[in-house]
Amino acid sequence: MNSLASSIKGRLFLWIFFFITGLLIILGISIYQEVRKNIYLSVELVLHSKIQILKGLMTEKDGEIKLERAEVILGEYSIPRSGHYYTVLVNKKVLATSPSLVEIEYDLASGDFESSNGELKERVSTATGPAGELMMVIQHDFEIFGKPATIFAAQTLEDRIKLLDRFNNFLLGAILVSIFVVASVSLWITRRSLIPLKEFSSKIEKITHKTMSDRIEIELQAEEIKGLAKSFNAMLNRLEKAFDMKKRLIADVSHELKTPLSVIRAQCDVLLEKDREKEEYTHALNTVRDISGSMKKLIDDMLSLTRLDSGVILSSSFQSVSIPVCLSNAIKLAEVLAKKRRITIDAVFAEQTTVLGDQNALTEAFLNIIENAIRYNVAGGRVGISTFKDTDGIKIMVEDTGPGMAEDELEKIFDRFYQIDTSRGSESTGLGLSIARAIIEAHGGTIRVTSEIDKGSCFTISLPLH
């Protein structure tokens, strides 16, 4: 049963089976009770008519009440222990008794109460008859010729009980057959209902990393599966994008590492051709050192992206972090590059503001954005850094006086390894802004950029306040 209930098909089958089975049982009990009620009611009507006949046969002569029994002693009432009896009392004295009760000491008033009818002054009860049979007794109280009278009329229920037993057996058999049919139909319905899901599953199984571009045709699916198909297609879109990014990342890394390695190899080959002067060796080693430094920066940035992609920044580990402290640390780290390129950094912090986050990660994000503003600036230019609060949180703005960017490049600059044509050959790895955006989004923030050609660019970072 547990294994059956653990599957959708099994649960669907059990729900249908138990619901309809319960419905059949309740319906069977209701039908049986209704039939039993009607059969007992028919007996009551027969007894009531007998009582009316007996009342009609009562006459008075010379102040004495008599019962003309000629019409009622015929049939079952004339056979001893026949199961059909009556007794007539006047002034609590027996006026007449059916021949079937002659020479039998039996009190028709000894039965168990079942119901009563105040309007007809009748009391219905069940009792065990003289022959041990179950019978129905109706007691009718009335007044005749100014005297109180009571008529007891009784009739056996044995024939009705046998009829009810046969009907009950038939009903039980019909219910058992119906339950078997319900089980078969339920199983068929569940299997047919889950065919679309099975077909959907088979289509999913055919999708591999080589057929990642395949999609489930939503309109061809059952209505209940369309939502699942949409979600699955959306997941495939995300996975395909992730695979494409992975392949592009590998290609970009290979390309970025190929050039410096070729330069290092070329320098070594030139030096090994013949003996060189000390100055030539020194120059070649400095070149190799600079290139290896660029390669190390690329590898460090790649490791940072890998950590971010793996979810190393968890909100559960966030602490209260001062934005001015993070920006001040980032500015100190960027001062060497700023002096080298003769860039002035102006910073204005509106007030002490804190956010929940990772201080080292936020410092790295701010450093990448500030270094980007320094690298892609004009000689002797300026980088302005400011913070302010608004209803959404805290805003950090980093402005530069560089050449600016075209509209179609504003979103591309956050792509990995993307570099504007005019910046080719710079010391940038093309990963800094990607790392910055990943860190800021991990903190629940956003980053956007605006730019004008020959006027500079402005990066705006929004972070929720602590």
Worksheet item: Has region 36-55 got any residue that is of a type in the set (A, V, I, L, M, F, W, C), assigned to a helix (DSSP H, G or I), more than 13 Å from residue 135 (Cβ to Cβ) and touching a Lys or Arg at 6+ places or on another chain (Cβ under 8 Å)?
Response: yes
Worksheet item: Only one residue in 200, 152, 170 is touching a helix residue (DSSP H, G or I) at 6+ places or on another chain (Cβ under 6 Å) and at pLDDT 90 or above. Which one?
Response: 152
Worksheet entry | Given (1) more than 60 Å from the chain's Cα centre (by Cα); (2) surrounded by 15 or more Cβ atoms within 10 Å (Cβ to Cβ); (3) modelled with pLDDT of 85 or more, index of the condition residue 175 fails | (1)
Worksheet entry | Identity of the residue in region 390-402, within 40 Å of the chain's Cα centre (by Cα) and open to solvent by 40 Å² or more (accessible area, probe 1.4 Å), that ends up modelled with the highest pLDDT | 390
Worksheet item: Can residue 339 be described as among the charged types (D, E, K, R), at pLDDT 85 or above, open to solvent by 20 Å² or more (accessible area, probe 1.4 Å) and under 51 Å from the mean Cα position of the chain (by Cα)?
Response: no
Practice prompt. Would you confirm whether any residue within region 403-425 is open to solvent by less than 40 Å² (accessible area, probe 1.4 Å) and at pLDDT 90 or above?
Written response: no
Worksheet item: Within region 383-396, can you find the residues that are β-branched (Val, Ile, Thr) and assigned to a strand (DSSP E or B)?
Response: 383, 385, 387, 394, 396
Worksheet item: So which residues in region 82-114 are of a type in the set (Val, Ile, Thr) and surrounded by 13 or more Cβ atoms within 10 Å (Cβ to Cβ), if there are any at all?
Response: 87, 88, 90, 97, 104
Practice prompt. Collect the residues in region 323-382 that are over 13 Å from residue 401 (Cβ atoms), part of a loop (DSSP other than H, G, I, E, B) and out of contact with any Pro (no Cβ under 8 Å at 6 or more places or on another chain), keeping them in residue-number order.
Written response: 350, 351, 358
Worksheet entry | Hey, residue 373 open to solvent by less than 60 Å² (accessible area, probe 1.4 Å) and either among the acidic types (Asp, Glu) or touching a strand residue (DSSP E or B) at 6+ places or on another chain (Cβ under 6 Å) (or both) or not | yes
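Conditions (1) aliphatic (A, V, I, L, M); (2) exposed (fewer than 15 other Cβ atoms within 10 Å of the Cβ); (3) more than 60 Å from the chain's Cα centre (by Cα), marked per residue:
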position: 116; (1), (2), (3): no, yes, no
position: 126; (1), (2), (3): no, no, no
position: 133; (1), (2), (3): no, no, yes
position: 138; (1), (2), (3): yes, no, yes
position: 141; (1), (2), (3): no, yes, yes
position: 147; (1), (2), (3): no, yes, yes
position: 151; (1), (2), (3): yes, no, yes
Response to the item:
Of the candidates 16, 31, 20, the one satisfying the condition of being modelled with pLDDT under 85 and either β-branched (Val, Ile, Thr) or touching a Phe, Trp or Tyr at 6+ places or on another chain (Cβ under 8 Å) (or both) is 16
Item to complete: State the number of residues belonging to region 211-247 that are farther than 13 Å from residue 197 by Cα, assigned to a loop (DSSP other than H, G, I, E, B) and either among the small types (Gly, Ala, Ser) or modelled with pLDDT under 70 (or both).
Response: 1
Item to complete: Identify all residues within region 185-205 that are in contact with a Lys or Arg (Cβ under 8 Å, 6 or more places away or on another chain), open to solvent by less than 60 Å² (accessible area, probe 1.4 Å) and part of a helix (DSSP H, G or I); write none if there are none.
Response: 190
Worksheet item: Do we have any residue at all in region 84-95 that's without any contact (Cβ under 8 Å) to a residue 24 or more places away in the chain and either more than 21 Å from residue 141 (Cα to Cα) or among the polar types (S, T, N, Q) (or both)?
Response: no
Worksheet item: Any idea how many residues of region 248-261 are modelled with pLDDT of 70 or more and within 12 Å of residue 295 (Cα to Cα)?
Response: 6
Discussion item. Which count do you get for residues in region 383-405 that are among the β-branched types (Val, Ile, Thr) and touching a Pro at 6+ places or on another chain (Cβ under 9 Å)?
Written reply: 2
Item to complete: Quick one: in region 38-47, of everything that is more than 14 Å from residue 164 (Cα to Cα) and surrounded by fewer than 17 Cβ atoms within 10 Å (Cβ to Cβ), which residue is farthest from the chain's Cα centre (by Cα)?
Response: 46
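The values are calculated or read from the model by the stated rules, or taken from the named source; none is laboratory data. Here the structure is a predicted model, which means the values were calculated and not measured. Virtual Cβ from ideal backbone geometry, glycine too; neighbours counted across all protein chains shown. Remember, those area values only see protein heavy atoms, side chains included, never the ligands or the DNA or RNA. Shrake-Rupley method; radii C 1.70, N 1.55, O 1.52, S 1.80 Å.
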